[in-house]
Amino acid sequence: FCDGFVRANGAGIVPCFTNVDCGSSGNCSLIKPRECFPDPILASGIASPGYPVLAGAACVPPAGSGAINAAVGLVGPEKLRLQTRATFFCSSNPTQTYEPGTGGCP
């Protein structure tokens, strides 16, 4: 945010990426992370032998660019949910696939 035009508590009002964006509103020097995340952040997957859904949450550190940090809200949480398909192979023949529930291994 531009530092020359702020609220009474010092929080920025005018968003910016560079000093050019601020014009007469000072310099682009106030950074405030987004506050739009629930607490706690939950990620749930699905346990399935053949089609599990992986899920997780993590904290993402700042990028090397202040403009990128401001644009995507870094530092902040990341949530991932990924549909997958598991392929099982027979222990007696590692080239033969096994379908859970149907058998098929020698």
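Data for the structure
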| quantity | calculated |
| --- | --- |
| In sequence order, calculated HN-Hα J values of the range 39-55 (Karplus, 6.51, -1.76, 1.60; Hz; x Gly/Pro) | 10, x, 8, 10, 9, 10, x, 10, 7, 8, x, x, 9, x, 10, 8, 8 |
| HN-Hα J in Hz across the range 72-84 - Karplus 6.51, -1.76, 1.60, θ = phi - 60°, x for Gly and Pro | 10, x, 8, 6, x, x, 10, 10, 10, 9, 9, 7, 10 |
| Karplus-derived 3J(HN,Hα), 6.51/-1.76/1.60, for each residue of the range 86-94, Hz, glycine and proline x | 8, 10, 9, 10, 6, 5, 7, 8, x |
| Contact order relative to length of the chain, as percent, for alpha carbon pairs under 8 angstrom and 6 or more apart | 19 percent |
| Under 5 Å, built H, 5+ apart or other chain: amide partners of Val60 | Gly76, Glu78 |
| Check: the chain dipole with +1 on Lys, Arg Cβ and -1 on Asp, Glu Cβ, in debye | 80 debye |
| Taking the range 38-98 and dividing mean pair separation by its residue count, relative contact order in percent (alpha carbons under 8 Å, at least six apart) | 32 percent |
| Projected area averaged over orientations for the chain, convex hull of C-alpha atoms, nm² | 10.6 nm² |
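Read the figures in this text as sums done on the coordinates, not as results from a lab. Bear in mind that the values here come from a model prediction, so they are computed numbers and not experimental data. Every residue, glycine among them, receives a Cβ derived from its backbone with ideal geometry; neighbour counts consider all protein chains shown.
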